[in-house]
Amino acid sequence: MPSRFPHRALALLLSLLALGLAGCAGLPALDERPVSVTLTDTDDTRLGRAIAPLVAAHPGLSGVHPLLDSRDAFAARVLLARAAERSLDVQYYIWHPDRSGTLLFEALHKAATRGVRVRLLLDDNNTAGLDPTLALLDTHPNIEVRLFNPFPLRGLRWLGYLTDFARLNRRMHNKSFTADNQATIIGGRNVGDEYFGAGSEVAFIDLDVLAIGPVAREVSADFDRYWASASAYPVARLLAPAEPERLAELDAQASLIERDPAARAYVEAVRAAPFTRQLIARELPFEWAATQMVSDDPAKALDNSTRDGELPSQLVRAIGRPTSSMDLVSPYFVPTKTGTRALAGLAGDGVRVRVLTNSLEATDVSAVHAGYAKRRKALLRAGVGLYELRRLLADGERHRSAGPFGSSSASLHAKTFAVDGERVFIGSFNFDPRSVRLNTELGFVIESRAMAERMQRAFDQRIPAMAYEVGLAEDGGLYWLERRDGGTVRHTAEPGTGFWRRAWVWFVSKLPIEWML
């Protein structure tokens, strides 16, 4: 039989290399890191003056406006950046250097040039290739960039996982965009073309919420917690310095993109959207409701938080145990044995539990689907309703989330649920072990019967038309019902997938990696 010596030698060599690199490439010290906090003297800004009478008319409540359409979500961020006069506090898990990402970078740069203080906090897991841009932005006197839980080895990140996996496996999944401590956007969207309908490939069906009032100030205070945390490192201590005179390159990049016909069509579609006109004219309708921010302690990224301070515990306190209904939307739904038991318990107590997640053909992470697939039969036996979003949209029609390019496929990315027809959660939290145990998350619990009822109607009417309904056959096998052309098609294997992809998912489901999904 072949000798295993070469494999052992390679493993030993990699281990020695990793140990050697670990000794010479640690994180920089945080001593004398610049200190900054939220600017609260913003009532006299344009945003402050516009929002004050609305808040005064609804004491104790926050105004929330769901951002269902991807173009609206992009427009809201650009318009907040343009309206800001004192500060922009921006926090994201992913920021792609594509059309929308470059345009938003330039929006931050333009705000800083007119005197707005910009603080940009990015998780470092997805910043590969962004180092030159981030270093360049950081040279602006009004912009400070920090990286959360960074990789010391910028070009060889995989070696970081070898030497410091326990830390680097924990990420900041929060998303927020706050202007002048007055208005904020939180939810499921990262920054990239697939989140804003600016590309021609797969578009994410996602959900954010624009909020004003007391909860916006809660988000500002939470941003301060993360900005001052032991995991937030100034890029100036991690990256080679950039030449300040190169800042003009950002203008050139954005101008080049705006000259691109596809980008120009997208920008024009955003400008023409009714949402844009409503926001500029201060006519945007808000739902006024008691709204509570829930957020993980940033110490969770260093495994130093307490269970009581983590988001799942806060959700339990804010929402309580459902008594009549729970409608859950989660793109990466991995209930685990514990979560399956909890959902089954609710269904057993007479609570109607319905779940929408991605089908195997629609998901962008097959390994996560494996963690869900192994629990389907147990959930169905308990009476939990399961729906899986189809990849191809009904009748080949363009979904609004695809923007003006007419993407023919979509993948679910929204994270939300409604309880008892009265309370709604919207945020970054996935119903999976990674959100519960490893990543930090952020969201709102909104006491709104109107929003909860809209989700209930979606499960009653729209979701069955765009998703497979999963069922359990008498022989114990699964089937998928697809409603189309006025009829129903029954599939006995996961629709839209081939044998090898299904085999891969089955194999992954047998591995002991559920805790990482």
Are any of the residues in the stretch 198-220 among the polar types (S, T, N, Q), closer than 23 Å to V445 by Cβ and either assigned to a helix (DSSP H, G or I) or touching an Asp or Glu at 6+ places or on another chain (Cβ under 8 Å) (or both)?
-> yes
Within the stretch 281-297, which residues are at pLDDT 95 or above and not charged (D, E, K, R)?
-> F286, W288, A289, A290, T291, Q292, M293, V294, S295
So P241 clears everything in (1) surrounded by 14 or more Cβ atoms within 10 Å (Cβ to Cβ); (2) more than 23 Å from the chain's Cα centre (by Cα); (3) at pLDDT 85 or above except one condition, right? Which one?
-> (1)
For the stretch 237-257, which residues satisfy the criterion of being in contact (Cβ under 8 Å) with a residue 12 or more places away in the chain and either more than 13 Å from F105 (Cβ to Cβ) or in contact with a Phe, Trp or Tyr (Cβ under 9 Å, 6 or more places away or on another chain) (or both)?
-> R237, L238, L239, A240, P241, A242, E243, P244, R246, L250, Q253, A254
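Okay, residues lined up against (1) polar (S, T, N, Q); (2) out of contact with any strand residue (DSSP E or B) (no Cβ under 7 Å at 6 or more places or on another chain); (3) at pLDDT 95 or above:
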residue: E194; (1), (2), (3): no, no, no
residue: S200; (1), (2), (3): yes, yes, no
residue: I205; (1), (2), (3): no, no, no
residue: V209; (1), (2), (3): no, no, yes
residue: I212; (1), (2), (3): no, no, yes
residue: R217; (1), (2), (3): no, yes, yes
residue: A221; (1), (2), (3): no, yes, yes
residue: W227; (1), (2), (3): no, no, yes
residue: Y233; (1), (2), (3): no, no, yes
How about the stretch 431-517: which helices (runs of 4 or more DSSP H) wholly inside it have at least 2 residues that are out of contact with any Cys (no Cβ under 7 Å at 6 or more places or on another chain) and open to solvent by 60 Å² or more (accessible area, probe 1.4 Å)?
-> 449-457, 499-509
Is it fair to say V209 is open to solvent by less than 10 Å² (accessible area, probe 1.4 Å) and either of a type outside the set (A, V, I, L, M, F, W, C) or under 18 Å from the mean Cα position of the chain (by Cα) (or both)?
-> yes
Can you tell me which of S313, S295 is in contact with a Gly (Cβ under 8 Å, 6 or more places away or on another chain) and either farther than 30 Å from S435 by Cβ or open to solvent by less than 40 Å² (accessible area, probe 1.4 Å) (or both)?
-> S295
Among (1) of a type in the set (K, R); (2) in a loop (DSSP other than H, G, I, E, B); (3) on the phi < 0 side of the Ramachandran plot - the single one R282 does not satisfy = (3)
Scan the stretch 375-389 for residues that are part of a strand (DSSP E or B), over 17 Å from S324 (Cα atoms) and either touching a His at 6+ places or on another chain (Cβ under 7 Å) or open to solvent by 10 Å² or more (accessible area, probe 1.4 Å) (or both) and jot them down.
-> Y387
Out of curiosity, is L120 open to solvent by less than 10 Å² (accessible area, probe 1.4 Å) and without any contact (Cβ under 8 Å) to a residue 60 or more places away in the chain?
-> yes
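The values are calculated or read from the model by the stated rules, or taken from the named source; none is laboratory data. Predicted model, so just to flag it, every value in this text is computed and none were measured. Glycine also receives a Cβ, built like all others from the backbone with ideal geometry; neighbour counts cover every protein chain displayed. SASA here: full protein model, heavy atoms, side chains in, ligands and nucleic acids out. Shrake-Rupley method; radii C 1.70, N 1.55, O 1.52, S 1.80 Å.
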